[in-house]
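What follows is one structure encoded as structure tokens, with my remarks underneath.
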Amino acid sequence: MNFLFSLSRQLRDSLRDLAPVVLVMGFFQLIVIRQPLPDTLALIDLLLGLVFVVVGLTLFIKGLELGLFPLGENLARAFVKKGSVAWLLVFAFALGFGSTVAEPALIAVAARAGEVVSQSGLIANTSNAQDSFAFTLRMVVAASVGTAVVVGVLRIFKGWPLHLMIIAGYVIVMLLTLAAPSELVGIAYDSGGVTTSTITVPLVTALGVGLASSIKGRNPMLDGFGLIAFASVMPIIFVLLFGIFGLSLMEGAS
Amino acid sequence: MSLLITFWETLRDILPIAAIIFGFQYIVIRKPVRRLPQVLAGFLMVWIGLSLFLVGLEQALFPMGELMASQLTEASFLPAVAEGAQRHWSDYYWVYLFAFAIGASTTIAEPSLIAVSIKAGEISGGTINPLMLRIAVALGMALGITLGTWRIVMGWPLQWFVLVAYCLVIIQTLRSPRSIIPLAFDSGGVTTSTITVPIIAALGLGLASSIPGRSALMDGFGMIALACLFPIITVMGYAQIAQWQDNRKRPAANTPGNSTQVSKGDSNAL
């Protein structure tokens, strides 16, 4: 009964969260654009889709609170209790790499990046070269996210200040940008944004917060967050480095 | 049919992560999961919820967003210009407005941002209001996307915008309360996961392909990068404003780092 009550409250929150999108789209469609919907878009389908979105969001958030959050935090606590930093780092890398390598958004961006790069003549203009570029890019990005989570977890352990590390990361990005082939710069920056999927973010957040609250002398607010920040800067650095040093090693590079 | 495909694809997304977690739990930690039935039920809800969410997005929000993006950038929709004349950047005002409004409203509904804001509210013990945090992020997202569309119209290189934004972030980082910085940096990364990316990508591509001299492939990129940076700026800005108001309310204690939370944070960070 309690569960149903909290579910219905979450449903109300989801409705509130979705209302702005519907209002914005309605306003622009009815007042600014003023054109009838094309035949391929039936109004009933749109409404049904919105119902799916609201119900889906409600279940997702409730599921996070029941499953992913406690699991992530308990796991972090168990690692600290066990006292094995090495295993924790292996886990951190696996989590970052495993959740990124199959990410649909990354696959889409990598495929499009293959087209851009081959059109600009950095690699051969064959579908083979494009595919191998897209695959390598995915591996580079996944390895960078794995590394980012490892660095982030190490930071929580050591209590290093986040802002200095991120600023250092930004400075590296700026310097690398000047040296990297300009076709790759946009791709590199975007790859930082697509790596953080809807399932990874809550899990990684729970991991960080769990670690920071079970290690003595760490403040969850100061030390628990920041893993996602690393996961969005590290891919830029890795992809820019790949553009500077790795691209010429690729098969069919010109 | 698309429902089944999406369910399968989401499962493929969740399974490797679940395998890693449960693998480490049982092989390395070697302890049973606490409240296993509840955790499994949670996973099931995440799976069903995310799948339904994605199906709904593909059925309603994405086609609408793409349709509107292409309608707003069509030549027939824009104000008329003299034959052969260069279009002024301000002719695209509806595009900027749409970019701003859609960026802000989709960010409010972003599931991973909701997740992070729930955690932040929990940990901060009520000093951070989850909804206010999300509004600050949404505002930054809207600014970033609007600037991104303007950049495509002007045809200026992305690097300039990103470098300026980085400098702004660095300056703000040195000046804002320590306790907000990790959260601010995180909120830059979480905004672009499920719902926003396809719609702003469609807007960028539509804009780049409708303006002569822009290539959809080259200029379509880069919107996401700006959308990741500006939330960092607005979240830190929100914290700075909150701190400033706090200082003004209590002029007697108006010394640097007077609020207990911040000064505690400072000593921990250093």
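Can you name the number of the only condition in (1) within 25 Å of B:L40 (Cβ to Cβ); (2) of a type outside the set (S, T, N, Q); (3) more than 7 Å from chain B (Cβ to nearest Cβ) that A:V109 fails? All conditions are met except number (1). It is to be established whether one or more residues within region B:245-256 are under 30 Å from A:I199 (Cβ atoms), open to solvent by 10 Å² or more (accessible area, probe 1.4 Å), modelled with pLDDT of 80 or more and among the polar types (S, T, N, Q). Checking region B:245-256: not a single residue is under 30 Å from A:I199 (Cβ atoms), open to solvent by 10 Å² or more (accessible area, probe 1.4 Å), modelled with pLDDT of 80 or more and among the polar types (S, T, N, Q).
If the requirement is being more than 7 Å from every other protein chain (Cβ to nearest Cβ), acidic (D, E) and within 27 Å of A:G96 (Cβ to Cβ), which of these qualifies: B:E110, B:E66, B:E58, B:E74?
Working: B:E66 fails: within 27 Å of A:G96 (Cβ to Cβ); B:E58 fails: within 27 Å of A:G96 (Cβ to Cβ); B:E74 fails: within 27 Å of A:G96 (Cβ to Cβ).
Exactly one residue qualifies, and that residue is B:E110.
Take the conditions closer than 30 Å to A:L176 by Cα and either touching a residue at least 24 places away in the same chain (Cβ under 8 Å) or buried (at least 16 other Cβ atoms within 10 Å of the Cβ) (or both) and apply them to B:L133. Does it pass? In short, no.
Does A:L15 satisfy the criteria of being modelled with pLDDT of 90 or more and more than 30 Å from B:E66 (Cα to Cα)? Before the answer, list the steps.
Details: modelled with pLDDT of 90 or more: yes; more than 30 Å from B:E66 (Cα to Cα): no.
When the stated conditions are applied, A:L15 does not pass them.
Per the conditions (1) part of a helix (DSSP H, G or I); (2) in contact (Cβ under 8 Å) with a residue 12 or more places away in the chain; (3) more than 26 Å from A:K62 (Cβ to Cβ), the sole criterion not satisfied by A:P202 is (3). Within region A:1-25, residues that are under 18 Å from B:A41 (Cβ atoms) reach partners that are among the basic types (K, R) and modelled with pLDDT of 90 or more with beta carbons closer than 9 Å, at six or more positions or on different chains, in the pairs A:F3/A:K62; A:S6/A:K62; A:L7/A:K62; A:Q10/A:K62.
For region B:103-134, a residue qualifies if it is of a type outside the set (S, T, Y), over 21 Å from A:I199 (Cα atoms) and not in a helix (DSSP H, G or I), and the qualifying residues are B:G125, B:G126, B:I128, B:N129.
Reported count of residues in region A:118-139, each being open to solvent by less than 30 Å² (accessible area, probe 1.4 Å) and under 20 Å from the mean Cα position of the chain (by Cα), is 2. Can you name every residue in region B:143-160 that is touching a residue at least 60 places away in the same chain (Cβ under 8 Å) and not in a loop (DSSP other than H, G, I, E, B)? Within region B:143-160, B:L143, B:G144, B:I145, B:L147, B:G148, B:T149, B:W150, B:R151, B:I152, B:V153, B:M154, B:L158 meet the criteria. In this structure, A:F91 does not satisfy being more than 19 Å from the chain's Cα centre (by Cα) and buried (at least 22 other Cβ atoms within 10 Å of the Cβ). Residues that are among the charged types (D, E, K, R) and open to solvent by less than 20 Å² (accessible area, probe 1.4 Å) within region A:147-186 comprise just one, A:R155.
Does B:L97 fit the bill of being modelled with pLDDT of 90 or more, open to solvent by 20 Å² or more (accessible area, probe 1.4 Å) and outside any loop (DSSP other than H, G, I, E, B)?
Numbers: modelled with pLDDT of 90 or more: yes; open to solvent by 20 Å² or more (accessible area, probe 1.4 Å): yes; outside any loop (DSSP other than H, G, I, E, B): yes.
When the stated conditions are applied, B:L97 passes them.
Candidates are the residues of region A:40-62 that are closer than 30 Å to B:Y96 by Cβ and more than 7 Å from chain B (Cβ to nearest Cβ); the one that is modelled with the lowest pLDDT is A:T40. Do the conditions hold for B:G222, that is, is it buried (at least 23 other Cβ atoms within 10 Å of the Cβ), in contact with a Lys or Arg (Cβ under 8 Å, 6 or more places away or on another chain), on the phi > 0 side of the Ramachandran plot and at pLDDT below 90? Here the answer is yes, as B:G222 does meet what is asked. With respect to the conditions (1) among the hydroxyl-bearing types (S, T, Y); (2) within 12 Å of another protein chain (Cβ to nearest Cβ); (3) farther than 25 Å from B:F22 by Cβ, A:T205 falls short on a single one, namely (3).
Restricting attention to region A:5-41, the residues being among the hydroxyl-bearing types (S, T, Y), out of contact with any Leu (no Cβ under 7 Å at 6 or more places or on another chain) and in a helix (DSSP H, G or I) number 2. Inside region B:45-54, can you point out the residues that are facing chain A (nearest Cβ under 7 Å) and either assigned to a loop (DSSP other than H, G, I, E, B) or open to solvent by 30 Å² or more (accessible area, probe 1.4 Å) (or both)? Residue satisfying the conditions is B:I48 alone.
The number of residues in region B:100-121 that are more than 13 Å from the chain's Cα centre (by Cα), within 30 Å of A:P70 (Cβ to Cβ) and open to solvent by 10 Å² or more (accessible area, probe 1.4 Å) comes to 2. When we screen B:A109, B:A75, B:A136, B:A80 for residues that are closer than 24 Å to A:L18 by Cα and at pLDDT below 90, the only hit is B:A109.
Counting only residues that are surrounded by 18 or more Cβ atoms within 10 Å (Cβ to Cβ) and more than 7 Å from every other protein chain (Cβ to nearest Cβ), which one in region B:1-32 is nearest to A:L89 (Cα to Cα)? Across region B:1-32, the extreme among qualifying residues is B:A18. Take A:E115 and tell me if it is surrounded by fewer than 17 Cβ atoms within 10 Å (Cβ to Cβ), closer than 30 Å to B:W8 by Cβ, out of contact with any strand residue (DSSP E or B) (no Cβ under 6 Å at 6 or more places or on another chain) and at the interface with chain B (Cβ under 8 Å from one of its Cβ atoms). Yes, satisfied.
Results for (1) within 11 Å of chain A (Cβ to nearest Cβ); (2) within 15 Å of A:I166 (Cα to Cα), shown as yes or no for each residue.
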| position | (1), (2) |
| --- | --- |
| B:A142 | yes, no |
| B:P157 | yes, no |
| B:W160 | yes, no |
| B:Y166 | yes, yes |
| B:I199 | yes, no |
| B:S215 | yes, no |
| B:A227 | yes, no |
| B:T234 | no, no |
| B:Y238 | no, no |
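Here B:I170 passes the criteria (1) touching a residue at least 24 places away in the same chain (Cβ under 8 Å); (2) in a helix (DSSP H, G or I); (3) β-branched (V, I, T) except the one numbered (1).
Is it true that some residue in region A:231-252 is within 8 Å of another protein chain (Cβ to nearest Cβ) and either closer than 21 Å to A:F93 by Cα or not basic (K, R) (or both)? Yes: one or more hits.
The test for being of a type in the set (S, T, Y), crowded, with 22+ Cβ neighbours inside 10 Å, at pLDDT 90 or above and closer than 30 Å to A:G217 by Cβ holds for A:S144.
The values are calculated or read from the model by the stated rules, or taken from the named source; none is laboratory data. Keep in mind the model is a prediction, meaning the values are calculated, not measured. With ideal geometry, Cβ positions are generated from the backbone for all residues, glycine too; neighbour counts draw on all protein chains shown. To get the accessible areas, we keep the full protein, side chains included, count just its heavy atoms, and leave off ligands, DNA and RNA. Shrake-Rupley method; radii C 1.70, N 1.55, O 1.52, S 1.80 Å.
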